[in-house]
């Protein structure tokens, strides 16, 4: 049984991700983060790894290369995910750091800048 997302006022629910090649970007996020990929009427869409955020890749905007808002993706192992990012067409811009949390900054195949965040219970 597929889990329904949590609905509620103020929840971030949908994002549009600029991409030069939506299929290449979809392949990257599916391999690295386990996102569920869907094809909807000619568009390539996704549900994140826990089914809480959805969105699609778009070609009519430039990549977010100087982010004002940094979007972080939670991962189980920041170091292993950094290696997977590099192996699948992304680029590590700032390696895993050990401030109070394990984080790294990366660029996806479409040129967008993101971060990964390893939750440590």
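Data for the structure
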| read-out | value |
| --- | --- |
| Residue 75 surrounded by 16 or more Cβ atoms within 10 Å (Cβ to Cβ), out of contact with any strand residue (DSSP E or B) (no Cβ under 8 Å at 6 or more places or on another chain) and closer than 25 Å to residue 5 by Cβ | no |
| Complete set of residues in the stretch 85-104 that are touching a strand residue (DSSP E or B) at 6+ places or on another chain (Cβ under 9 Å) and in contact (Cβ under 8 Å) with a residue 24 or more places away in the chain | 85, 90, 102, 103, 104 |
| Matching residues, the stretch 91-108, being under 11 Å from the mean Cα position of the chain (by Cα) and either part of a loop (DSSP other than H, G, I, E, B) or loosely packed, with under 14 Cβ neighbours inside 10 Å (or both) | 108 |
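Read-outs throughout are calculated quantities, based only on the coordinates presented, and are distinct from any laboratory measurement. In this text, all values refer to a predicted model and were calculated from it rather than measured experimentally. In this analysis, Cβ positions are derived from the backbone assuming ideal geometry, glycine residues included, and neighbour counts consider all displayed protein chains.
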